[in-house]
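The values are calculated or read from the model by the stated rules, or taken from the named source; none is laboratory data. Keep in mind that this is a model prediction, so the values were computed, not measured. Cβ: placed from backbone, ideal geometry, glycine included. Neighbour counts: every protein chain shown. In case anyone asks, the SASA skips ligands and DNA or RNA and just uses the protein heavy atoms, side chains included. Shrake-Rupley method; radii C 1.70, N 1.55, O 1.52, S 1.80 Å.
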Amino acid sequence: MSKKILITGGAGFIGSHVVRLFVNTYPEYQIYNLDALTYAGNLENLTDIENASNYTFLKGDITDESYINDLFEKNQFDGVIHLAAESHVDRSITDPLAFAKTNILGTMILLNAFKNLWQDQWQDKLFYHVSTDEVYGTLGETGLFTETTSYDPNSPYSASKASSDHFVRAYGETYGMPYVISNCSNNYGANQFPEKLIPLFINNIINNKALPVYGDGKYTRDWLYVVDHAIAIDLVFHKGENEETYNIGGFNEWQNIDLIKLLCVQMDEKLGRGKGTSEQLITYVKDRPGHDLRYAIDASKINQELGWKPSVTFEQGLSKTIDWYLSNTVWMERIVSGAYEDYYKKQYK
Ligand code: NAD
Ligand code: DAU
């Protein structure tokens, strides 16, 4: 069936993988990628599909209400897959208002435009909100986040995402808007902006720079290969139940320091450096304020109801990821010049 789908944040890390998957898998759909091209948005992530006949890029800001209302009126989107966001926890600590504006207000403006467009004619319409496991706060040494874990966000980033999740639910309850939400764990893979742990450390290892480990490095995250997240989003969009939430995770917990050591081993092998070379770059630095100790997802609902599971092991995914960064040095070099340098100096002074 032909559909017009708006994907927001499609020039970013996860969004670009979702756009690619939808453009290639569904030639009968028209895919519109709406992105403001902030520091995190990069059209180079999508050069392979930019000329596809079912793809349109729209440069625009989700917080610009009149632009968004006009866009929805003109294009009559059947579905929205909403990924646009400010996404980095450290930046939310230095500039929390930017997170409230994009993640809360921007989401509300999209919800409102979708509501005004379809009102009570909701058949075959869907608002899919892509969210994070960070809304659940932190776990202790044991336990897993399930879909019924209470929200308990700790950072301005996670509080803004939690708030946007609540607004999506409220539009479902109040206006009958069909919606699904997914809450995913840490993603890694090609095209991730090097402010996040894995690409930042890969870039620093290549350049023999210090690897800044926050606190004691014993924080735990559950890592998922980004292509597997995109596949899960496709499944939830097409087969997820209205008004349901799906947790998505890698069944793959790592303490930061163990992950970093594995990364160092793989990097030494690929760069032809002696064993233990990259590990010497590890430097313990001041901790992140409000640092969540542990995230871990119980992904059994999406596994049992929609048949999804990760397709690669962490060792395989990490190896593919490193290979991508080693073969795309121009992509990285363009990013790490200019504004990135200022960010890096301020964050790691
Ligand atoms: P990202 O920072 O790489 O990309 C965000 C994209 O949104 C960029 O292209 C940026 O230009 C765009 N954007 C930002 N503000 C905008 C605005 N006002 N209007 C239009 N576009 C705007 O983020 P990501 O890591 O790809 O995350 C995508 C989504 O997935 C986010 O909603 C995030 O909360 C969620 N998520 C991320 C992870 C992860 O590990 N990265 C895990 C779970 C959920
Ligand atoms: O859990 C999902 C979330 O994962 C997403 O919602 C966020 O958008 C995404 O950024 C990510 O958040 P984290 O804060 O977990 O990711 P980050 O890569 O920033 O950090 C991962 C861990 O590594 C965390 O414990 C902090 C630590 N870290 C990070 C950086 C950048 C360091 O020790 N040093 C660093 O320089």
_Taking 8 Å as the Cα distance limit and 6 or more residues as the minimum spacing, I'd like the relative contact order of the chain as a percentage._
17
*What percentages, rounded to whole numbers, describe P(r) for the range 225-331 computed over all alpha carbon pairs with 10 Å bin width beginning at zero?*
12, 32, 31, 19, 5, 0
*Can you tell me how much longer the chain between GLN121 and ASP342 gets when fully stretched, taken as 0.36 nm per residue apart minus their C-alpha distance, in nm with one decimal?*
74.7 nm
*Two decimals is fine: what is log10 I(q)/I(0) at q = 0.13, 0.21, 0.22 Å⁻¹ for the range 129-194, from a Debye sum with one equal scatterer on every Cα and no solvent?*
-0.43, -0.93, -0.99
*Ranked by how many other beta carbons lie within 10 Å on average, peptides 11-18, 216-223, 198-205 from highest*: 11-18, 198-205, 216-223
*At a 1.4 Å probe radius, carbon and sulfur cover how many percent of the accessible area of the chain?*
49
*Using 1/(1 + (r/R0)^6) with R0 = 41 angstrom and r between the beta carbons of GLU73 and ALA98, what's the FRET efficiency to the nearest 0.05?*
0.90
*asked:* How big is the range 29-166 along each principal axis, measuring the range of its Cα positions in Å and listing the largest first?
replied: 49, 38, 27
*asked:* Using C-alpha positions alone, give me the convex hull volume of the range 37-105 per residue in cubic angstrom.
replied: 110
*Starting from the Cα-Cα distance between ASN208 and ARG288, subtract it from 0.36 nm times their residue separation and give me the gain in nm to one decimal.*
26.5 nm
_Would you report the distance distribution of C-alpha pairs in the range 3-71 as whole percents per 10 angstrom bin, up to the bin with the largest distance?_
22, 55, 23, 1
*Which semi-axis lengths, in whole Å and largest first, follow from the square roots of five times the eigenvalues of the Cα gyration tensor of the chain?*
33, 22, 20
*Taking the Cβ-Cβ separation of HIS238 and TYR39 as r and a Förster radius of 45 Å, what is the calculated FRET efficiency to the nearest 0.05?*
0.90
*How far is helix 65-75 tilted off the main Cα axis of the chain, in degrees rounded to 10, range 0 to 90?*
60
*Can you figure out the FRET efficiency of GLU305 with ARG273, using R₀ = 45 Å and their beta-carbon distance, to the nearest 0.05?*
0.50
*Using only the Cα atoms of the range 160-295, construct the convex hull and provide its projected area averaged over every direction, in square nanometres to one decimal.*
9.7
*Hull volume in cubic angstrom per residue (convex hull over the Cα atoms of the range 253-313)*: 113
*asked:* At 0.36 nm per residue, and after removing the present C-alpha to C-alpha distance, how many nm does the segment from LYS4 to SER327 gain when stretched out fully?
replied: 112.8 nm
*Dipole magnitude of the range 1-144 about its Cα centre, charges +1 at Lys/Arg Cβ and -1 at Asp/Glu Cβ only, in debye to the nearest 20?*
300
